[in-house]
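In what follows, a structure is listed as structure tokens, so that the remarks can point back to it.
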Amino acid sequence: MLEISREHVQNIMRLELLAQQRETDDQIAAFEKKYGCTFAEFEAQINAETENFEHWDDYLEWKAAVNVRTTLAQNLTELQYGNFKITG
């Protein structure tokens with residue numbers, strides 16, 4: 001039987017979360033570059049403009065990326081402090 005330590009699992013999960021975080025950061029940076037503003041600024045813009053389907057689609061995708069980024073940061077913090085449970 002293969003034995004894997006809790007620390008090993010923690011390190012693997014940390015690397016996975018960091019990779020996902022990098023991918024999400026790149027996605028957010030692409031939107032910031034495309035529109036020349038932050039998500040909060042873009043959100044204010046989209047609420048003030050007439051309906052633009054491309055902007056609305058980008059807004060939804062950008063908002064999802066911001067939410068994923070927040071979740072990943074929370075998960076990394078939990079992992080760092082050992083607040084996780086190995087199941088299965």
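The values are calculated or read from the model by the stated rules, or taken from the named source; none is laboratory data. Note that the structure is predicted; figures quoted are calculated from it, not measured. Reconstructed Cβ throughout: ideal geometry from the backbone, glycine too, with neighbour counts over all protein chains shown.
Looking only at region 1-58, filter to residues that are in contact (Cβ under 8 Å) with a residue 60 or more places away in the chain and out of contact with any Phe, Trp or Tyr (no Cβ under 8 Å at 6 or more places or on another chain); which one of those is nearest to Thr71 (Cα to Cα)? First the steps, then the outcome.
Restricting attention to region 1-58, the residues satisfying the condition of being in contact (Cβ under 8 Å) with a residue 60 or more places away in the chain are 6, 9-10, 13-14, 17.
From what's left, out of contact with any Phe, Trp or Tyr (no Cβ under 8 Å at 6 or more places or on another chain): 6, 9, 14, 17.
Numbers: Arg6: 22, Val9: 19, Arg14: 13, Leu17: 10 Å.
Across region 1-58, the extreme among qualifying residues is Leu17.
Need at least 1 residues that are surrounded by 15 or more Cβ atoms within 10 Å (Cβ to Cβ) and under 10 Å from the mean Cα position of the chain (by Cα) per element, so show me which helices (runs of 4 or more DSSP H) inside the chain make the cut, counting only ones lying wholly within it.
Numbers: elements: 6-35, 39-48, 53-80.
Here the list reads 6-35, 53-80.
Scan region 42-61 and tell me whether some residue there is hydroxyl-bearing (Ser, Thr, Tyr), at pLDDT 95 or above and within 30 Å of Gly82 (Cβ to Cβ).
No; the residues of region 42-61 include none that is hydroxyl-bearing (Ser, Thr, Tyr), at pLDDT 95 or above and within 30 Å of Gly82 (Cβ to Cβ).
Just need a number here: residues in region 34-81 that are under 21 Å from Ala19 (Cβ atoms) and of a type outside the set (Ser, Thr, Tyr).
Of all residues in region 34-81, those under 21 Å from Ala19 (Cβ atoms) come to 61-62, 64-81.
Remaining after also requiring of a type outside the set (Ser, Thr, Tyr): 61-62, 64-69, 72-76, 78-80.
The qualifying residues number 16.
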